[in-house]
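Below: the structure, in structure tokens.
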Amino acid sequence: MEAKKQQIECHNCHEMMTIDFETATFATAVQVINGKKSETRTYLEKCPNCDAVNKVTSDNKEEWGKRKGPNVKFFMYSGMFGCIAFLGLGILVLYFAFKGLGFVMDWLIK
């Protein structure tokens, strides 16, 4: 599958330039609405004349070529496990804080 090459006009110097979807930097946006996932990519490329960053948005997966985007499930699971680890560490800190407080109170009372 061949990635698309799109000709656009630079927004800064108004010269024609080519954005190659195979080599350009891209950002992915994923939306889930009523159980249907829609994904769009925004390709960013510097103008060779003035170094201004231009962008093109595409939602057609056939234009993207063979490049893989980020795995959404990986980010969801890593966020979930990060939250669980944060809660676990918080409970551990509170446990040792109360143990230390109990030790200090016992020492003061005796």
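The values are calculated or read from the model by the stated rules, or taken from the named source; none is laboratory data. In this text, all values refer to a predicted model and were calculated from it rather than measured experimentally. Because the Cβ atoms are built from the backbone with ideal geometry, glycine has one as well, and the counts that use them run over all protein chains shown. Surface accessibility is based on the protein's heavy atoms, side chains included, excluding ligands, DNA and RNA. Shrake-Rupley method; radii C 1.70, N 1.55, O 1.52, S 1.80 Å.
Taking segment 57-107 as the range and being open to solvent by 100 Å² or more (accessible area, probe 1.4 Å), touching a strand residue (DSSP E or B) at 6+ places or on another chain (Cβ under 8 Å) and not in a helix (DSSP H, G or I) as the test, only Asp59 passes. Scanning segment 6-22 for residues that are within 26 Å of Lys66 (Cα to Cα), loosely packed, with under 13 Cβ neighbours inside 10 Å and of a type outside the set (D, E, K, R) yields a total of 3.
Is it fair to say Ala3 is outside any strand (DSSP E or B) and either among the aliphatic types (A, V, I, L, M) or within 20 Å of the chain's Cα centre (by Cα) (or both)? When the stated conditions are applied, Ala3 passes them. For segment 30-56, a residue qualifies if it is open to solvent by less than 50 Å² (accessible area, probe 1.4 Å) and either in a strand (DSSP E or B) or small (Gly, Ala, Ser) (or both), and the qualifying residues are Glu39, Thr40, Arg41, Thr42, Tyr43, Ala52, Asn54, Val56.
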